[in-house]
1. Over the range A:95-192, calculate the relative contact order: mean separation of alpha carbon pairs under 8 Å at least 6 apart, over the residue count, as a percent.
2. Compute the relative contact order of chain A as a whole-number percentage, counting only Cα pairs closer than 8 Å that sit 6 or more residues apart in sequence.
3. Step through the residues of the range A:528-545 one at a time and calculate ³J(HN,Hα) from phi using the Karplus curve (6.51 cos²θ - 1.76 cosθ + 1.60, θ = phi - 60°), rounding each to whole Hz and writing x for Gly and Pro.
4. Each residue of the range A:511-518 in order: what ³J(HN,Hα) in whole Hz does its phi give by Karplus 6.51 cos²θ - 1.76 cosθ + 1.60, θ = phi - 60°, with x for Gly and Pro?
5. So which lysines pass the test for residue A:334, namely a Cα distance under 26 Å, with those fewer than 8 places away in the same chain ruled out?
6. Could you tell me which of A:255, A:201, A:214 has its Cα farthest along the dipole of the range A:165-281 towards the positive end, charges placed at Cβ (Lys, Arg +1; Asp, Glu -1), taken about the Cα centre?
7. Over 10 Å intervals from 0, what percent of Cα-Cα pairs in the protein assembly as shown sits in each interval?
8. Can you list residues whose amide H is under 5 Å from residue A:295's amide H, if they're 5+ apart or on another chain and H is modeled 1.01 Å from N?
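Please treat every number below as a calculation from the coordinates, not as lab data. All of these numbers come straight from a predicted model, not from anything done at the bench. Reconstructed Cβ throughout: ideal geometry from the backbone, glycine too, with neighbour counts over all protein chains shown.
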Number of protein chains: 2
Amino acid sequence: MTRAAKGPPAVTRRRKFWGWGFEDQQPAHAQVEAAAAAAREHLGFGPAEVERPARLDDLDLPPARLEPPDALAAICRTDPYERAAHAYGKSYRDVVRAFRGRFENPPDVVAHPADEAQLERVLAWCEETKAAAIPFGGGTSVVGGVEPPGDRPAVSIDLKRLDRVLELDPVSRAARVQAGVTGPALEDQLRDHGLTLRHFPQSFEYSTLGGWIATRAGGHYATLHTHIDDFVESVRALTPRGWWESRRLPASGAGPSPDRMLIGSEGILGVITEAWMRVQDAPRFKKSAAVLFDSFESGAQAVRALSQSGLHPSNCRLLDPGEAALTGAAPDGKALLVLGFESADHELGPWMARALELCADHGGRRRERPAAGEERSSSERSSSSPERGESEVAWRDAFLQAPYLRDTLVAAGILAETFETAITWDRFADLVDDVRARARDALGAQSMVTCRLTHVYPDGAAPYFTVLVPASRGRELDQWTELKQAASEAIVGAGGTISHHHAVGRDHRPWYDQQRPEPFAVALRAAKSAVDPAGVLNPGVLIDP
Amino acid sequence: MTRAAKGPPAVTRRRKFWGWGFEDQQPAHAQVEAAAAAAREHLGFGPAEVERPARLDDLDLPPARLEPPDALAAICRTDPYERAAHAYGKSYRDVVRAFRGRFENPPDVVAHPADEAQLERVLAWCEETKAAAIPFGGGTSVVGGVEPPGDRPAVSIDLKRLDRVLELDPVSRAARVQAGVTGPALEDQLRDHGLTLRHFPQSFEYSTLGGWIATRAGGHYATLHTHIDDFVESVRALTPRGWWESRRLPASGAGPSPDRMLIGSEGILGVITEAWMRVQDAPRFKKSAAVLFDSFESGAQAVRALSQSGLHPSNCRLLDPGEAALTGAAPDGKALLVLGFESADHELGPWMARALELCADHGGRRRERPAAGEERSSSERSSSSPERGESEVAWRDAFLQAPYLRDTLVAAGILAETFETAITWDRFADLVDDVRARARDALGAQSMVTCRLTHVYPDGAAPYFTVLVPASRGRELDQWTELKQAASEAIVGAGGTISHHHAVGRDHRPWYDQQRPEPFAVALRAAKSAVDPAGVLNPGVLIDP
């Protein structure tokens, strides 16, 4: 491709175009075969052929419908790798399609602006040509949030060159951060100053600040400040009508929050380029415990008491017996609560002691383990540094490894999908039962449906479901669609939200449209038309183009 | 008035049409004279004549431009008391005008819908006649939020008949509440169930849930959940395009929050009729302390440390030496921190102990007082039950009495005005200095300008200024305007918000317009036009009609 030669400097280490992580992280096929066999055996699914992912050279992409103008050529690429790597997010459906080399609708051009002036020129060009302008951060959407619509040429605007912490305000504990920075790169830049954003979604390694804000990502904290929303002090975004930049404020009562309108807007109102974020002193004190319950129900009651106690544990994740057994985290039949407190200011003994009392009130018994290092001065170098004997850290490592494992499951012919919601406590048990039943009905007797609570609130919880079932080779997308429909109908029918922390994108639209108040949809469409009259920004996400 | 005879049942106890509280709470003139003399002496302002408020019989209101249709006559009133009592909010400017009997622009009709069906008919009638439809809760706005614009007929829609708790969900700790309920009436209905909303703005006695939501009111908690926003689980509002009702959800990541768009919308998008609110178990454990500092600056540093500690005190209000002295709360020259913790779940010793250590780090010394009842099982019957020896309760009582005192100050010829903002810590000291200086410049040497912090955050604080100065009789409104302009310019110029918890209304518009991002204004205007095409809802508030 002549275009590639004119593009930005080639990165020596590339992410897989079809799955999670970097190309050099992909194990050899023999290793994938061994892991796949072990996974199928562990799940009781019986042996199956292990497939190989499509190779870049074999891709047959539709011809690009758009050529970048000379003025933008230096920051645009149109080569197959770039187009394929920006065609999808990372849902199971996305990985299956990419794994098989199915790219019906990749972006025509991928732009890599290195500064706001370049971004302005890219967006102006999209407006001129009426091309869809799709903001792209880590590309880790699992809801079709970055997938070009088929009806027009599309430009994927990759923001990862905007990757710096621009300013620090240690007095207010805030940082001005560019939107394209990934989780590790952000934490690296904050660490030397003793600060941290402490936002660890499962996509942490690859997803970006701008993506977190645009999708209202859920983060590290299981209670209190569960979403990125709470850490945003101000946002700066480029709209076709100019820069939308709010003041840095700790709080305000002046009109509806401009930030809360951008947070969760999924790229339809503007391209987020910067935010002032509330950061924190790195925690110095930690307490963690693993608590076993006889059932998910009794564990949930303890978690409800914890969430209403005002103790604000940082971790409070409840695994049902199925999920706990699957990961070997608890004895058979027991639900497991991973409980943690952390602070940069004070010892946490009284907090943990009271929390364990509340657990005991509901039959929870602390799992005894070597207590070494349990309360420690934190010197963790990364979010995933392994520390033996700590259920919390062990849990987090497994959590961050899950997307890598999914690539292997696809090769192994195992459908692995997750979906999640939030619901008030009064309707919680019914919703969980409904969703489990509908998912099993959709997928048949061999399916496994497990549940954990990822975030909890005084008035409800966020249940997160994992489904594993043998894939019907060649029919995976139909299987996925049947599951998605059944689960989403159950969730929305039981009163939940179609997503607690994975956004709406294109995949959740039918249920989101049912869920949101109609006059709000009217208001959002009008707001969108006013700031993006040409309708170029991420068309099809949240509302119809 | 014949109309009055057809109106809703007369209330035996009426609120003053010109000031704070009920008519039967207004002291006899001799008492006002004594109090006024004492106040002027305390402030060193010298003696002055004490004026009497206008009498209802002497009001000369402009003729009503609108007559309710027969179908609405039973819930509408057009008598002078009703029109006068709904003409203004309760800012100093409002009270001065009403006290003097100046009602240039009262609403033409006051509607009192008793249910949603009646409200629908009232709003439809406003659309037909293009009359301004002004939602009216407690009428305690201090920013011109309920004042009819002069350019068209106006209907004030008083929601106080919608005053019930409709449903309780004790499992999720939530209550479905009608928007017209006042603070005490709401707490009365929750108390029997051991629950409380615990939202105590200074207007608590008269303001309503719908008003709190529409204006993003600041409440009881000095840290963490400072605004009503955090307690809203879902909202129901009538727009000209139908009902805007969100799902009850503990949290969601599905698109921008529909609730956050209504919260702070000040009646321009819809009339709020109900909300599911997150309520709490009544607190059983309390710890409070008064801590003295040598200066406001050192107190502010302690408060910053507290706000960044993760201890989350419920009260953390810092009074500068001027304000502490004025209220006799602290020895001369000392700043006073009123610090409190409360919980329905656990003893608070470790929390308070660590907080006092942080205070001591900045020179704070706890003021010793009889400790009787300091940690008690709470049996408070009302938000203002006096309990001797508790600085927190004493402070709250004085806080709730302040608006009553203001009526006396108006009679005494004392201009008493407050304004507030929020600002990040790095710019906090400069902002406070600027505002003090500009307010003094505007009002001359006799003025007193004091400051307290009402709410605090990890990244900043909400300074609240009180100004007292001898009024220039007959020129009060000019004086007020000069002060408002000087203070608002200083606040917005120093990077603050024009309001942390008193909304925008009509009075804050010039500075709000400077503060908000322009594309957000574009989006808000478009959203408003889409849900209220006739432009009847509270025109002039937040945006131009």
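1. On the way: 136 pairs, mean separation 26.4, N = 98.
About 27 percent, as a whole number.
2. Details: 1130 pairs, mean separation 81.6, N = 545.
Across chain A, relative contact order equals 15 percent.
3. Taking θ as phi minus 60°, the curve returns 4, 4, 6, 8, 9, x, 7, x, 8, 6, 6, x, x, 7, 6, 9, 6, x Hz for the range A:528-545.
4. These are the phi-based 3J(HN,Hα) values: 7, 4, 4, 6, 7, 7, x, 4 Hz.
5. In chain and number order, the partners are A:286, A:287.
6. The listed residue farthest towards the positive side: A:255.
7. 2, 10, 19, 23, 20, 14, 8, 3, 1, 0
8. Those qualifying (amide H under 5 Å, at least 5 residues apart or on another chain) are A:335.
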